[in-house]
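Scroll down for the structure; my scribbles are underneath it.
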Amino acid sequence: SRSWRGVSLGDDSASPTILILGSLALVESALIASAAFAVSIRRRQRELGLLAATGATPRQLAGLVLSEAAILGAIACLAGVAVGLLGALALSPWLDDLTQRRNPPLVLDLFGIVGPIAVGFGAAMFAALVPARTVARVPVLLALSGRRLAQAPARRTLWLGLGVVALAAAMTVIGATVVFTGDSSIRYLLLIGGAVLSTLGFGACGPWLLERMDRVASRLPLAGRIAFRDTARARSRSSPIVTAILAGCAAAIALGA
């Protein structure tokens, strides 16, 4: 079997494949969390409108969403650390048989625990930024009525997304072909950055693609027409889900190839 050279990460050694897949999984988690926050805010729109009508400022409403993200992110990170440690301890008796070599005993690394907690918490806060900004911009009367906020044309983010995808492709090509003398971790950083930026770039293109679905809906039966139109109109919360599934399929196909 082919072995990968390790990348220096603090006091630990990590496989480039694991780093790239971990970065994609982190981005996918943030996208799915962002969609969940968007759905939660949509369901609580009248409640937030009542808070605004009783004197809450847009900054306070946005702070409410960010505070919820901080609480949920902290709980999820602590639970993730517990599950990860228990999983590592459960696999340790069979680790030698799985890897076909003798492994050193498991050691708790402070960087290996604090680092994922900080990154996971940051991902939760990043996922809540756009929903918090949306809450702060909704007019009080519109929030109390329960109607959807008018969305900006998706073409604005299309060109930004295409530019980010082009930058990600350039980073990936450089990281895969150029040999850097001295520190080889630059290659892996370029590959990780290319994977993350390409996911975000396709996510920026997602609303434009979902907006096109409204034109196809008129040719479908009633159930399909309603589903397509509802997905196109709610593209702000549908686009992160589509992007997360897209990244997962792309990563699986790339590894298979």
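Given the conditions (1) under 16 Å from A250 (Cβ atoms); (2) open to solvent by less than 60 Å² (accessible area, probe 1.4 Å), and given that Y188 satisfies all but one, which numbered condition is not satisfied?
(1)
Any idea which of L72, L31, L51, L86 is in contact with a Gly (Cβ under 8 Å, 6 or more places away or on another chain) and either open to solvent by 30 Å² or more (accessible area, probe 1.4 Å) or among the aliphatic types (A, V, I, L, M) (or both)?
Step by step, each of L72, L31, L51, L86 is checked, and only L31 is in contact with a Gly (Cβ under 8 Å, 6 or more places away or on another chain) and either open to solvent by 30 Å² or more (accessible area, probe 1.4 Å) or among the aliphatic types (A, V, I, L, M) (or both).
Let me confirm something: among A79, A132, which residue is loosely packed, with under 11 Cβ neighbours inside 10 Å and at pLDDT 80 or above?
A79
Is it the case that the range 193-202 has a residue that's open to solvent by less than 40 Å² (accessible area, probe 1.4 Å), farther than 20 Å from G22 by Cβ and either in contact (Cβ under 8 Å) with a residue 12 or more places away in the chain or part of a helix (DSSP H, G or I) (or both)?
For the range 193-202, residues open to solvent by less than 40 Å² (accessible area, probe 1.4 Å), farther than 20 Å from G22 by Cβ and either in contact (Cβ under 8 Å) with a residue 12 or more places away in the chain or part of a helix (DSSP H, G or I) (or both): absent.
Scan the range 187-226 residue by residue and report those that are aromatic (F, W, Y) and over 22 Å from L160 (Cα atoms).
Correct list: Y188 only.
Pairs only if they're at least six apart or on different chains, beta carbon under 6 angstrom, first in the range 79-107 and of a type in the set (S, T, Y), second at pLDDT below 85; list them, first residue then second.
Taking only residues 6 or more apart or on different chains, the pairs are S92/L106.
Taking the criterion of being loosely packed, with under 12 Cβ neighbours inside 10 Å and either modelled with pLDDT of 85 or more or touching a Phe, Trp or Tyr at 6+ places or on another chain (Cβ under 6 Å) (or both), would at least one residue in the range 34-43 satisfy it?
Looking for residues that are loosely packed, with under 12 Cβ neighbours inside 10 Å and either modelled with pLDDT of 85 or more or touching a Phe, Trp or Tyr at 6+ places or on another chain (Cβ under 6 Å) (or both), one finds none in the range 34-43, hence no.
Please give the number of the condition L24 fails out of (1) more than 23 Å from the chain's Cα centre (by Cα); (2) open to solvent by less than 30 Å² (accessible area, probe 1.4 Å).
Against the list (1) more than 23 Å from the chain's Cα centre (by Cα); (2) open to solvent by less than 30 Å² (accessible area, probe 1.4 Å), L24 comes up short only on (1).
Quick test for you: out of L255, L220, L246, pick the one residue that is modelled with pLDDT of 75 or more, of a type outside the set (K, R) and part of a helix (DSSP H, G or I).
L246
Quick one: A223 ticks every box in (1) over 16 Å from I174 (Cβ atoms); (2) open to solvent by 30 Å² or more (accessible area, probe 1.4 Å); (3) in contact (Cβ under 8 Å) with a residue 24 or more places away in the chain except a single one, so which number is it?
Among (1) over 16 Å from I174 (Cβ atoms); (2) open to solvent by 30 Å² or more (accessible area, probe 1.4 Å); (3) in contact (Cβ under 8 Å) with a residue 24 or more places away in the chain, the lone unmet condition for A223 is (3).
Report, by residue number, each residue of the range 208-245 that is touching a Leu at 6+ places or on another chain (Cβ under 8 Å), of a type outside the set (A, V, I, L, M) and closer than 18 Å to S34 by Cβ.
The answer is W208, T231, R235, S238, S239, P240, T243.
So which helices (runs of 4 or more DSSP H) are wholly in the range 36-139 and hold at least 2 residues that are in contact with an Asp or Glu (Cβ under 8 Å, 6 or more places away or on another chain) and farther than 22 Å from A244 by Cα?
Of the helices (runs of 4 or more DSSP H) lying wholly inside the range 36-139, those with at least 2 residues that are in contact with an Asp or Glu (Cβ under 8 Å, 6 or more places away or on another chain) and farther than 22 Å from A244 by Cα span 110-137.
The values are calculated or read from the model by the stated rules, or taken from the named source; none is laboratory data. Owing to the predicted nature of the structure, the values given are computational and were not obtained by experimental measurement. When we count neighbours, we look across all protein chains shown, and the Cβ atoms used for this are built from the backbone with ideal geometry, even at glycine. Surface areas here come from the heavy atoms of the whole protein model, side chains and all, with no ligands, DNA or RNA. Shrake-Rupley method; radii C 1.70, N 1.55, O 1.52, S 1.80 Å.
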